[in-house]
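Have a look at the structure below, then the notes.
The values are calculated or read from the model by the stated rules, or taken from the named source; none is laboratory data. Nothing here was measured: the structure is a model prediction, and the numbers come from that model. Because the Cβ atoms are built from the backbone with ideal geometry, glycine has one as well, and the counts that use them run over all protein chains shown.
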Amino acid sequence: MRDDVRLVSDLSALATGVVFIVGLVVLGFRLAQIQLVDAAKYLEDGSRQAARRVQTAGPRGRIIARDGTVLADNRASVSIVVSPEGFQRRNWTETVSAISNAIESVASAIETPSPLSANAIARHVRQQLARPLVVWRDVGDEQIARLVERESEFPGFECVETEERTYPEGRLAAHVIGYVGRGETTSAAGEKFNFRDKEMKGRAGLEAFYDGYLRGSPGELSVTVDARGFAVAEETVVEARRGPDLKLTIDPKIQRSVERQLRGEYAACAVMDPRDGAVLALASAPAYDLNLLVPRLTPEMQERYVGNHACRNRACFETYAPGSTFKPITALAGLAAGRSAFAEYECTGVFSLAGMRLHCARRWGHGPIDMRHALKESCNTYFCNLGSEIGTNALFAAARAFGLGEKTGLDFPQDSAGVVPSAEFKRRNYNLPWYAGDLAQASIGQGQLLVTPLQMARVAGAIGTGRLVRPHLRADAPVESSPVPFSQRQLAVVREGMRMVVDGGTGKLAGEGVAVPVAGKTGTAEVGRGATRRKNTWFIAYAPAENPTVAVAMVVENGMSGGGTTAPKVGEVLKTIFGEL
Amino acid sequence: MKFLEYIKRFNWITFAAMLALIALGTAAIYSAGNARSGELFHSMWKSNLGTAVFGLAVYLALAFFDYRKYITLSAIPAYALAVVLLVVVLSIGTSTYGGKRWLWFFQPSEVSKLCVISMLAWLFGPTDSPPWMRGFRGFLLAAALVGVPAVLILKEPDLGTMLTLMPATALMLFVARVWRRALIVALCAAVVGGTALLGAVYEAEKPGVPEARREAIMKYVPLKPHQVKRVRVFLFPDEDPNAAGYNRRQALISIGSGGFSGKGFRRGETNHLKYLPQSISMNDFIFCVYAEEAGFVGSVLLLALFGALLVPCAWTAYVVTDGTGRLLALGVSTLVFAHVFINIAMSVGLVPITGLPLPFISAGRTFLVTVMAGLGIVQSVSIHGRETRT
């Protein structure tokens, strides 16, 4: 019995030792599975949960004019940021209020109120915890000095260098350049980032149209975060790079000259090279200094300038009745329809049709008049008769041949098509049938016809060269042009007429003192009725008359007449371009 | 006995393994503590090392003196004191993490386990004890002696600590031949019961079970909600990895990402970036902290050290001639082994998550001293328990 007891006990002791060993070996095998076989998977799981991808913004490219003048640039600017890592508290509410209190004490130290609401701070902690929070943007030297002086009192706060947009030429080509706001970086589809830094975003004008081009190529930051999401370390994966410069066709000399002529008016002007479509100047008045919109577009500036109807872009967004500047097109339509340039109409000073009376500029009439002289004197009667004779389709086919009623294809967000009406258009919009009177009105550029100054500059250029080009603002944009469907002989008649306009005709003030011969056409479009009746005065031109290199269209709202108000302004612009006699 | 004889009989392997484990534990606590914020945690390794020095004194003292003398003297008073302390802790103890376990700096439940083991060894060890002790009445006595502290510990509640006591006491009673049939039946019942429990939770919680049926089954499952949650995480590990399964997932990530050679001392990201739950990284999850930084090589070293610590204890049980000594050696080593096995198995996802410290590695001073005292007693068995054989 005793021996039996001993034996079993001994074996139990040994068995216990074996169980210990077996148990440890089982654990060893399980560990081999986790730490050897599946190690890569767990390593990846671990780094994935701790790594955050951040897209950083690259500096935006500049906008440069034809002659190298910088129109939009970046300037160094300092922002004060706070990193949430230093404010870890037991819960999020306490963390937010710790950050909030720290911001308040810095605010009193630098004597600048915090622009952030408690909600904005809470939102940052909730959504962007691993990133520094930008509190004050674009701070001045004095504020920086105050903070640096007491830096040790405010752990977690830091001055960081950033960039702000700046417009060295102020209001020059303001409508063309546009302005920027701030937004999160964007990236190719499929790219996933946990956080995106803020970058400049074009909100209007070329800044908006070429936003993707000007934008810096984004960088990537890998931020290691702890279990609560606070940043622990960061590493640059991809360096952000500066965006390319955008070179424009705009010639600052011409642009400045144009803007000088428009100052004080509600007016617009487009100047382009009719050979390749390069827009040399595109101006709208009134304009504003773009630097007023930096560092951010305030509601006040929005109301006063950017969102103000008075400051809208008149050069390629607003549309006007072309008035008499349309007459060259009517003339070409007539020639194309087989009418002779020498055929005369009797002008009695008024054109009557079905009870409608259209007066000619010359109250007592021009008498019998041919096409060239009708252009020179801007005879309404002649063109009403001509238009009525050839019919709606022939007239508007010519208008369309000059690109009216469709977008010009300008590389710009605002590019109005204008209106070339039709019976269908009139019924849809006015619920009225197309009368013979509408055709007569359209023949002299009145009625429902609507065009932009840019479109008319293009028309002037196309008459001068025989080719209709697509206007463009970017210097290296491809040249696109197509011939207008008129013979050289037909065009020659109209060119002669337009030359006569400047050479002693209604637009003679446009050519006075200009070193090269100028061809052009005046226009005085009547808009509104009764008390709101006013005149928008036009002048379109190309120069030199032979082999033109410049085409211009200018409209001045509430002018006296195309020849009196606008033609001299265009003359000044042409003098700047070609020199004075 | 001559001093030279002491040296010869002293089990150097288990002693060296223990010292090495204390060293690794100090490093692990240092790393885990530094990941937390608070001076208390940063200096935890120092206080733990101090406790280990105190534990070493206790160990050497208990090893030096003949265990038979002090066990005879202290078994009943120590047991009585342990039960009293367990009652006291339930009434005035400090609550932490949903349990009342602390009496100031001290956890009576840890000490009570050693008291139960020495009580059982003292009572059932001697081979000349009356025959009734090997029968039904002896079993009832043993059950009462184990049951009273076990129920008190369960009241704290500390299911894990209670469970580690079971294999040790069962083995002791088995070796002491106390009504073996009942023991075997109880063992089978435990296996069947455990399986049934797991099966019931599985049936109730598996996807697509209607709410009514789930509640009908859960009515018969004697588990607390947090325990059901742990079992569920164990059964369905991929369900809800961010909430209920978070701890398990982070434990696996930290151990697995350590790879073959580990990330290096104080370089464990899961721990230092606080993904590993901070409240338990120094205690229940310390193995994860260690395995992430020491890698597979370090993990195997740790297992080998535990083997070197515990297998010689079983050997001591084999070679001693004294019944009490054998029961002490087996009881203590099985108790320590249960902690080691359940803690690591839980960290590597082999068993549901239970709050248990890893001997020598976890920060926990009462437990450290308790384990060292127990191993000191085993050392004493190794030195003094063989005299009668020669």
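Just one of the numbered conditions (1) out of contact with any Phe, Trp or Tyr (no Cβ under 6 Å at 6 or more places or on another chain); (2) assigned to a strand (DSSP E or B) is not true of A:Gly523; which one?
(1)
Select from the range A:107-128 the residues that are in contact with an Asp or Glu (Cβ under 9 Å, 6 or more places away or on another chain) and either surrounded by 13 or more Cβ atoms within 10 Å (Cβ to Cβ) or of a type in the set (A, V, I, L, M) (or both) and write down the one among them that is farthest from A:Arg146 (Cα to Cα).
That would be A:Ser114.
Looking only at the range B:28-42, how many residues end up being hydroxyl-bearing (Ser, Thr, Tyr) and surrounded by 14 or more Cβ atoms within 10 Å (Cβ to Cβ)? Explain how you work it out, then say what you get.
Initially, the range B:28-42 is screened for residues hydroxyl-bearing (Ser, Thr, Tyr), giving B:30-31, B:37.
Remaining after also requiring surrounded by 14 or more Cβ atoms within 10 Å (Cβ to Cβ): B:30-31.
Residues that pass the stated criteria total 2.
Regarding the range A:329-338, can at least one residue be identified that is in contact (Cβ under 8 Å) with a residue 40 or more places away in the chain, assigned by TED's automatic domain parsing to the domain that holds A:Ala423 and closer than 30 Å to A:His175 by Cβ? Let's see the steps before the verdict.
Narrowing the range A:329-338 to residues in contact (Cβ under 8 Å) with a residue 40 or more places away in the chain: A:329-337.
Still in the list and also assigned by TED's automatic domain parsing to the domain that holds A:Ala423: A:329-337.
Subset that is closer than 30 Å to A:His175 by Cβ: A:329.
Looking through the range A:329-338, at least one residue is in contact (Cβ under 8 Å) with a residue 40 or more places away in the chain, assigned by TED's automatic domain parsing to the domain that holds A:Ala423 and closer than 30 Å to A:His175 by Cβ.
Residues that are assigned to a helix (DSSP H, G or I), under 19 Å from the mean Cα position of the chain (by Cα), buried (at least 17 other Cβ atoms within 10 Å of the Cβ) and of a type in the set (A, V, I, L, M): does the range A:252-274 have at least one? Before the answer, list the steps.
Narrowing the range A:252-274 to residues assigned to a helix (DSSP H, G or I): A:252-262.
Filter again for under 19 Å from the mean Cα position of the chain (by Cα), leaving A:252, A:255, A:259.
When the remaining residues are screened for being buried (at least 17 other Cβ atoms within 10 Å of the Cβ), the result is A:252, A:255, A:259.
Okay, now just the ones that are also of a type in the set (A, V, I, L, M), so none.
No.
So is B:Leu171 surrounded by 22 or more Cβ atoms within 10 Å (Cβ to Cβ), hydrophobic (A, V, I, L, M, F, W, C), within 14 Å of another protein chain (Cβ to nearest Cβ) and over 19 Å from B:Pro108 (Cβ atoms) or not? Full working, then the answer.
Values: surrounded by 22 or more Cβ atoms within 10 Å (Cβ to Cβ): yes; hydrophobic (A, V, I, L, M, F, W, C): yes; within 14 Å of another protein chain (Cβ to nearest Cβ): yes; over 19 Å from B:Pro108 (Cβ atoms): yes.
Yes: the conditions hold for B:Leu171.
Any residue at all in the range B:226-241 that's modelled with pLDDT of 90 or more and out of contact with any Lys or Arg (no Cβ under 6 Å at 6 or more places or on another chain)? Explain how you work it out, then say what you get.
The initial filter retains those residues of the range B:226-241 that are modelled with pLDDT of 90 or more, namely none.
No, the range B:226-241 contains no residue that is modelled with pLDDT of 90 or more and out of contact with any Lys or Arg (no Cβ under 6 Å at 6 or more places or on another chain).
Going by what's in this entry, would B:Leu252 be described as modelled with pLDDT of 85 or more, closer than 18 Å to B:Asn343 by Cβ and hydrophobic (A, V, I, L, M, F, W, C)? Break it down stepwise before answering.
Details: modelled with pLDDT of 85 or more: yes; closer than 18 Å to B:Asn343 by Cβ: yes; hydrophobic (A, V, I, L, M, F, W, C): yes.
Yes: the conditions hold for B:Leu252.
So which of B:Ala345, B:Ala314 ends up being aliphatic (A, V, I, L, M) and within 26 Å of B:Ala244 (Cβ to Cβ)? Don't jump to the end; show me each part of the working.
Details: B:Ala314 fails: within 26 Å of B:Ala244 (Cβ to Cβ).
After applying the criteria, what remains is B:Ala345.
On the basis of being within 14 Å of chain B (Cβ to nearest Cβ) and touching a helix residue (DSSP H, G or I) at 6+ places or on another chain (Cβ under 9 Å), does A:Val232 make the cut?
On the way: within 14 Å of chain B (Cβ to nearest Cβ): yes; touching a helix residue (DSSP H, G or I) at 6+ places or on another chain (Cβ under 9 Å): yes.
It is true that A:Val232 is within 14 Å of chain B (Cβ to nearest Cβ) and touching a helix residue (DSSP H, G or I) at 6+ places or on another chain (Cβ under 9 Å).
Of everything in the range A:279-299, what is touching a Cys at 6+ places or on another chain (Cβ under 8 Å) and assigned to a loop (DSSP other than H, G, I, E, B)? Give them in sequence order.
Hits for the range A:279-299 are A:Pro286, A:Ala287, A:Tyr288.
Please find, within the range B:210-252, the residue that is farthest from the chain's Cα centre (by Cα) out of those that are β-branched (Val, Ile, Thr) and more than 16 Å from B:Gly355 (Cα to Cα). If you could, list the steps in order and put the result at the bottom.
Of the residues in the range B:210-252, the ones β-branched (Val, Ile, Thr) are B:217, B:221, B:228, B:231, B:233.
Applying the additional criterion that residues be more than 16 Å from B:Gly355 (Cα to Cα) yields B:217, B:221.
Values: B:Ile217: 31, B:Val221: 25 Å.
Going through the qualifying residues, I end up with B:Ile217.
State whether the residues of the range B:133-144 include one that is crowded, with 17+ Cβ neighbours inside 10 Å, within 14 Å of chain A (Cβ to nearest Cβ) and under 19 Å from B:Arg101 (Cβ atoms).
Step one: of the range B:133-144, the residues crowded, with 17+ Cβ neighbours inside 10 Å are B:133-134, B:138-139, B:142-143.
Filter once more, keeping what is within 14 Å of chain A (Cβ to nearest Cβ): B:133-134.
Filter once more, so that each one left must be under 19 Å from B:Arg101 (Cβ atoms): none.
No, there is no match, as no residue in the range B:133-144 is crowded, with 17+ Cβ neighbours inside 10 Å, within 14 Å of chain A (Cβ to nearest Cβ) and under 19 Å from B:Arg101 (Cβ atoms).
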